[in-house]
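Novice: This is the structure I have questions about; it appears just below.
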């Protein structure tokens, strides 16, 4: 049977980690928590929950944590890999739907979209929706792949895709980097409609609009260096 | 010689010496710093030379020429520093990742001893 590994980068998420992971575990997935140098007890909490627990000694950023988790899962024989946020905005029951096109061989990477059908967009706050449209547009310019949504962090990858993508962006720019590398390596990308939970907690943990500028900066700097 | 000249020259000599003594780096870096230090000392000691150079390249005043070159040089150094910084960050990431993978805790591992 094919194994699906859920990679959860976590930075100071000790409080919500148990409630976020519980439904994922109940669904029978392998879970890898990568504590990205948290100041709180995220690592200890993950450990006590009986999942694969990895710890960055220093904070590197979400992209770096995902890469660590992917290398770990691939080394342990994962067939499918899912990126899942630790703040509770992604739904465990949607993992299966997200993995489906990859498992069926129709795509190498599936990315969750809030805007693929009208259902998802109702829940997003208006200001956020506008900012995300701009982000999706910039993402399209930078990668040449036009998606309806960007940077929501909910993705599924085949084992091959995970092995062929090498994230160099440690910060949030990894979301764009994954797409551009996928395109450069001829991997097929599918969009799957997902629902994102906007709780007060996840809103507070979300990135401010200003970080969009630092993402673009990181990407340009990364391009110049290669 | 005006009072400012020995002061500036002393600063530049101290700067170059400090660089060689405490800031390790590649040979090319050292050559560039040495060259810049020498140019600085010469231009301060003989301001007319800067004026003559400035006239020759169409800037007008020697002080302006020095400022322009200084800005270009500083920007270059900033870029070099920035790229060094990113390289260092990526090495730190590699090191941190390797540590994390080596120390990974699997579900079947026993709880740590308190």
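Just so it is clear, none of the values below were taken in a lab; they were calculated from the coordinates. Small disclaimer: the values here were computed from a predicted structure and weren't measured. Virtual Cβ from ideal backbone geometry, glycine too; neighbours counted across all protein chains shown.
Novice: In whole angstrom, how far apart do the alpha carbon centroids of the range A:126-152 and the range B:36-69 sit?
Specialist: Centre-to-centre distance over Cα atoms comes out at 50 Å.
Novice: What whole number of Å gives the distance from the Cα centroid of the range B:88-109 to the Cα centroid of the range A:19-92?
Specialist: Their Cα centres are 13 Å away from one another.
Novice: How high is the relative contact order of the range B:45-87, in percent, counting Cα pairs under 8 Å that sit 6 or more residues apart?
Specialist: That works out to 24 percent.
Novice: For residue B:57 and residue B:109 in the same chain, what is the full-extension length gain: residue separation times 0.36 nm, less their Cα-Cα distance, in nm?
Specialist: 11.5 nm is the gain from fully extending residue B:57 to residue B:109.
Novice: Once you average over the residues of B:79-87, how many Cβ atoms of partner chains fall within 10 Å of each Cβ?
Specialist: Partner Cβ neighbours, averaged per residue: 2.
Novice: Roughly how tilted is helix B:27-45, in degrees to the nearest 10 and between 0 and 90, from the longest Cα axis of chain B?
Specialist: Here the helix axis deviates by roughly 30 degrees.
Novice: Spin-label point model (7 Å from Cα, Cβ direction): what's the residue A:160 to residue B:13 distance in nm?
Specialist: 6.9
Novice: Which whole number gives the average count of other chain Cβ atoms within 10 Å of the Cβ atoms across peptide A:66-79? Let's see the in-between values first.
Specialist: Numbers: counts 0, 2, 8, 4, 0, 4, 4, 0, 0, 2, 2, 0, 0, 0.
Rounded to a whole number, the mean comes out at 2.
Novice: Angle check, please: helix B:47-57 long axis (alpha carbons) against the longest principal axis of chain B (alpha carbons), in degrees 0 to 90, nearest 10.
Specialist: Result, in degrees: 80.
Novice: Taking 8 Å as the Cα distance limit and 6 or more residues as the minimum spacing, I'd like the relative contact order of chain A as a percentage. Could you put the intermediate results ahead of the total?
Specialist: Details: 427 pairs, mean separation 51.4, N = 226.
Result for chain A is 23 percent.
Novice: Here's something else I'd like to know. Per residue of chain B, what 222 nm ellipticity follows from adding -39500 (n - 2.57) for every DSSP H run with n ≥ 4, rounded to the nearest 500?
Specialist: -27500 deg cm²/dmol
Novice: Would you mind computing Rg(Cα) / (2.2 N^0.38 Å) for the protein assembly as shown, counting N as its residues?
Specialist: 1.30
Novice: Something else now. Cα axis of helix B:62-102 to longest principal axis of chain B: angle in degrees, 0 to 90, nearest 10?
Specialist: 10
Novice: Could you list B:28, B:52 so that the one with the fewest beta carbons within 10 Å of its beta carbon is first and the one with the most is last? Don't jump to the answer; show the numbers that get you there.
Specialist: Numbers: B:28 8, B:52 11.
Ascending number of Cβ neighbours within 10 Å: B:28, B:52.
Novice: Taking other Cβ within 10 Å of each residue's Cβ, how do A:54, B:81, B:36 sort, fewest first?
Specialist: Details: A:54 27, B:81 10, B:36 18.
In order of increasing Cβ crowding within 10 Å: B:81, B:36, A:54.
Novice: Ok, one more. Calculated from DSSP H runs of 4 or more alone, at -39500 (n - 2.57) each and per residue, what is the 222 nm mean residue ellipticity of chain A, nearest 500? Can you show the working numbers first?
Specialist: On the way: 10 runs with 103 residues, N = 226.
Calculated at 222 nm, the ellipticity per residue is -13500 deg cm²/dmol.
Novice: I've got another one for you. Arrange B:4, B:13, A:178 by Cβ neighbour counts within 10 Å, fewest through most, would you?
Specialist: Least crowded to most crowded, the residues run B:4, B:13, A:178.
Novice: How far apart, in nanometres, would the label points at residue B:26 and residue B:49 be if each is projected 7 angstrom from Cα along the Cα-to-Cβ direction?
Specialist: Rounded to a tenth, the inter-label distance reads 2.8 nm.
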